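The values are calculated or read from the model by the stated rules, or taken from the named source; none is laboratory data. Computed from a prediction, not measured in an experiment: that's the story for all the values here. Please note: Cβ atoms are built from the backbone with ideal geometry, for glycine as well, and neighbour counts cover all protein chains shown. Keep in mind that these areas ignore ligands, DNA and RNA; they rest on the heavy atoms of the full protein, side chains included. Shrake-Rupley method; radii C 1.70, N 1.55, O 1.52, S 1.80 Å.
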Amino acid sequence: MGDILSLVAKRLGYGVITLLVISILIFFAVELLPGDIAEAVLGQSATPETLAAMREQLGLNQPAVVRYLQWLAGAVQFDFGVSLITGDPVSSAISQRFANTLFLAAYAAVIAVPISIVLGVIVALLRNTIFDRVANVLTLTSISSPEFFLGYILILYLAVKTSMFPAIASLRGDMDFIDLLYRTFLPALTLVLVVTAHMMRMTRAAIINLLASPYIEMARLKGTPPWKVIVRHALPNAWAPIINVVALNLAYLITGVVLVEVVFVYPGIGQLLVDAVSKRDFPVVQACCLIFAATFILLNLAADVGAILTNPRLRHPK
Amino acid sequence: MAIKKKDDVLLKIKDLRIEGYSDEKWIEIVHGVDLTLHRGEVLGLIGESGAGKSTIGLAAMGFARDGCRISGGSIEFDGMELTTTPESALRALRGSRIAYVAQSAAASFNPAHKIIDQHTEAPVHYRIQKRVEAQEDAMQLYERLRLPNPEEIGFRYPHQVSGGQLQRAMTAMAMACRPDLIIFDEPTTALDVTTQIEVLAAIRDIVDQFNTAAIYITHDLAVVAQMADTIKVLLKGNEVEEAPTEKMLNSPKEDYTKSLWAVRSFTRKQKNRPKTKGAVPVVSVQDIDAAYGDVKVLKDVSFDIYAGMTVAVVGESGSGKSTTARCITGLLPPTKGKILFNGEELPASYRDRTKDQLRQAQMIYQMADTALNPKVKISEIIGRPAQFYSGLSGGELKSRVDELLDLIELEPSKYYNRYPPELSGGQKQRIGIARALAAEPTFIICDEVTSALDQLVAEGILKLLDRLQRELNLSYMFITHDLATVRSIADEVVVMRQGEVVEQGPKDKMFKPPHHPYTDLLLSSVPEMDPNWLTTLLEERGVDNVGEASDASNKG
């Protein structure tokens, strides 16, 4: 196991380097945006004096590299500066929103991952039957429709026409957990529909890919029933690609939910990002981007480690 | 191993017909084969690839691979008609009453589970034994099959166990439910000769002990002679003849059987090194060491190859034969020592070699299937090196390709525009040879070029290589683990073991005693057509002194 720990440490190190490169990209990309931050913040009340004062206050007179280093030093301690709009610390604004997004992602993942893997196994078992084709068509339809469209369809049928669920997923502090699950069901369902197809099809493909292996024929020649051939003999060898696609989709659940959050007016980090961009609240934009990048890197790292842990050759060296 | 009473029939196959699906229609591949097997009898099925041996073996379990179907005839196993039995009832036979041992144990064990868990799967599933009982039984079987550490070995994963041991573990697994019948499908083909012996001995022991009937499928006559009571010869889905082993070996009736028996009749006169003083070898390997990462794989390897001669490099898998070839071609720069070509030192890496140095040494590979790009026309496969090394183009290039195709005895107009998948195994290997010749080399490395081929086809390739050598004065480095091939084509032999040269010399000396003990082990491990060969050998060596066991004792 020592090997795996050192491997994880090594990958984490690479992750940190990647994150550093991304932070440079984010900072200077924002820097490249046309217009002056002070001007943007002050808007119509900009006079030469107030602009100068604003620049002084924001430290814009210093060279970009110095400002980058200052920003980075703060970011390492989760201090992303102060929002230009509200004047509150960015970290406190983001943390609640990010927690909300994580909650929604976890909600969707808890439903989507088991369903898609079980469905993937079933369609692999029943491959080329009607069930397989219907499942394929349905999941393909859901993955090919834009998520905002899926969201509106769900609102139309489950909220407007039948009023089974609320159309707007607004959150209040005093809601209990069940109520929370109820209110956020529609956005979670939308996300489930979007990610299930991808994971299910990958599970199916990974398993079917293995069915031609001699050890699968051996299992069949030992009299193993078909479902057991798939679950016991094919699935354990198919984990690596499945884990990878699951990780990719989890990352999407956190970073790609902007549209869904907007549709359901859900107070997540995606909506915050959209607001911040439109208001030119650059510290918030930078912080959000950095968090998204870190999420991607961590989930990919988790996928790699997962793939290693499920490979007996790597887990039990000669 | 006496043949049992006639009324004790276990398996009776009559007029079995099997179809395979290709090009969108069903084509018959087994054309009415009969087969009768008594309890405790071992039947050897032999034939070349495409003879339908495996297909018939699987049909005896009521099983047809995807894309195949049993289309006619009857398969009666112990009174049960398998062709009409529903799938669920057939499944209940498999693993419990009929078991299967596959060619490659390394590929047929599931890499994700421990060996013993795969062993106990069938007995636990059929509720013959509880899990713990099944595990104890497995350990006993491992011990009977003389696996090292029988108490512990099952708890390893397949990749942690050697090929020969895995093959025995698979035989043990087939025995788990004490079946009435085991199908052995080329169980030793992928093994080295020294390992093959212990697996053969183990299989024969266990089949005897439990009085299990077996169908033993192989293309190797000498092997089947050791194992079978009766031999059936197949050709392209038809039976050629069947007879008790002794009779079949001594007096085969059919011409095809005789031709199989006569294979390896090809020999050529051994050449000797040039007598003139100061003759420079074409290739001289001098004291090379090589390593993959930190793992040292070659140590002080030296040998010379003179013009127009064939040097066979023999040894078990992992002995460093192919690594030496990689060093000579510059794919793996040696860590020490040098390689001289006509007396001149070659740069270690192929990147630093000139075009002319590169053209002088060409390779032919074992798997013609994977060594030829399936999407590229034959004319281009052969034409590209001619273009690259000789700068030919247009009409010149075409006539050169035609010339090369003529040289390998394939009609140019017929093959010029075809693709590799349309060719047979032997034809593909010929294309591989033409590709090597296209560069106009003086030296060719042949890496197990005949191992994947049927014996008759392999002989054709050897004859072709011999003719080309005479006509073009080529030097060959012939990598092989097959000593019969060495006997027929080599002038000199280099024996390698664990990255070192154990012994080398002219062929006539190498095949005559006294040998180095390892050379002796290799030579004596090659199966002979004598049905008593294995028994005699085991008596001479002692049962605990074959294969890996003797390997260990020789190390000291």
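Structure notes:
- Candidate aspartates and glutamates - alpha carbon under 13 Å from B:Lys25, same-chain residues fewer than 8 apart omitted: none
- Too-long pairs where the Cα-Cα distance tops 27 Å, listed order kept, from B:Lys258/B:Lys321; A:Lys10/B:Lys336; B:Lys114/B:Lys321; B:Lys321/B:Lys507; B:Lys414/B:Lys463: B:Lys258/B:Lys321; A:Lys10/B:Lys336; B:Lys114/B:Lys321
- Test item: A:311-317 mean partner chain Cβ contacts at 10 Å: 4
- Helix-derived mean residue ellipticity, 222 nm - over chain A, DSSP H n ≥ 4, -39500 (n - 2.57), to 500: -24000 deg cm²/dmol
- Per-residue Karplus couplings for segment B:26-38, computed as 6.51 cos²θ - 1.76 cosθ + 1.60 with θ equal to phi - 60°, are listed in order as 8, 10, 6, 10, 10, 10, x, 9, 9, 7, 10, 10, 8 Hz, Gly and Pro entered as x.
- On association of chains A and B, roughly 2500 Å² of accessible area becomes buried (total for both chains; probe 1.4 Å).
- Rounded to 10°, Cα long-axis angle of helix A:64-76 versus longest principal axis of chain A: 50 degrees
- Angle in degrees between helix B:455-472 and the longest Cα principal axis of chain B, rounded to the nearest 10: 0 degrees
- The H on the amide N of B:Leu234, modeled in the peptide plane, is under 5 Å from the matching H of B:Ile46, B:Gly47, B:Val240, each at least 5 residues off or on a different chain.
- Residue-wise HN-Hα coupling along segment A:91-105, computed from phi with Karplus coefficients 6.51, -1.76, 1.60 (Hz; x: Gly, Pro): 4, 6, 5, 6, 4, 5, 4, 5, 4, 4, 4, 4, 4, 5, 5
- Put the Cα centre of segment A:180-198 next to the Cα centre of segment B:63-116 and the gap is 45 Å.
- Loop sites here are GluC sites (Glu not before Pro) outside DSSP states H, G, I, E and B with no more than 16 other Cβ atoms within 10 Å. The longest part of chain B free of them is B:255-408.
- Our coupling estimate for segment B:508-517, obtained by passing each phi through the Karplus curve with A = 6.51, B = -1.76, C = 1.60 and θ = phi - 60°, is 4, 6, 5, 8, 10, x, x, 9, 5, x Hz, Gly and Pro reported as x.
- Within 10 Å of each Cβ in B:102-110, the average number of Cβ atoms from other chains: 5
- 29 Å Cα-Cα threshold exceeded, pairs from A:Lys222/B:Lys53; B:Lys355/B:Lys377; B:Lys53/B:Lys509; B:Lys269/B:Lys377; B:Lys277/B:Lys512: B:Lys53/B:Lys509; B:Lys269/B:Lys377
- Loop-located trypsin sites (Lys or Arg not before Pro) in segment B:328-383 whose Cβ has at most 13 other Cβ within 10 Å (DSSP): B:Lys375
- Angle between chain B longest axis and helix B:193-209 axis [Cα atoms, degrees, rounded to 10]: 10 degrees
- Share, in percent, of DSSP beta bridges within chain B that are antiparallel, nearest 5: 55 percent
- Between segment B:321-335 and segment B:436-514, the alpha-carbon center distance in angstrom: 18 Å
- 10 Å Cβ neighbours from other chains, averaged over peptide B:166-177: 1
- Residue of A:Pro214, A:Pro166, A:Pro236 that the Gaussian network model of chain A assigns the largest fluctuation, springs spanning Cα pairs under 10 Å: A:Pro214
- Qualifying aspartates and glutamates (Cα of each under 18 Å from Cα of B:Lys247; at least 8 residues distant if same chain): B:Glu41, B:Asp220, B:Asp229, B:Glu239, B:Asp255, B:Glu528, B:Asp530
- Cross-link partners for B:Lys296 among the aspartates and glutamates, with Cα-Cα distance under 18 Å and sequence neighbours closer than 8 places in the same chain left out: B:Asp287, B:Glu316, B:Glu500.
- Restricted to Cα atoms, segment B:182-296 shows a radius of gyration and a Dmax of 21.7, 65 angstrom.
- Under a Gaussian network description of chain A, with springs only between Cα atoms under 10 Å, the residue in A:Val257, A:Val229, A:Val123 that fluctuates furthest is A:Val229.
- Looking at the protein assembly as shown alone, DSSP beta bridges between its own residues are antiparallel in about 55 percent of cases.
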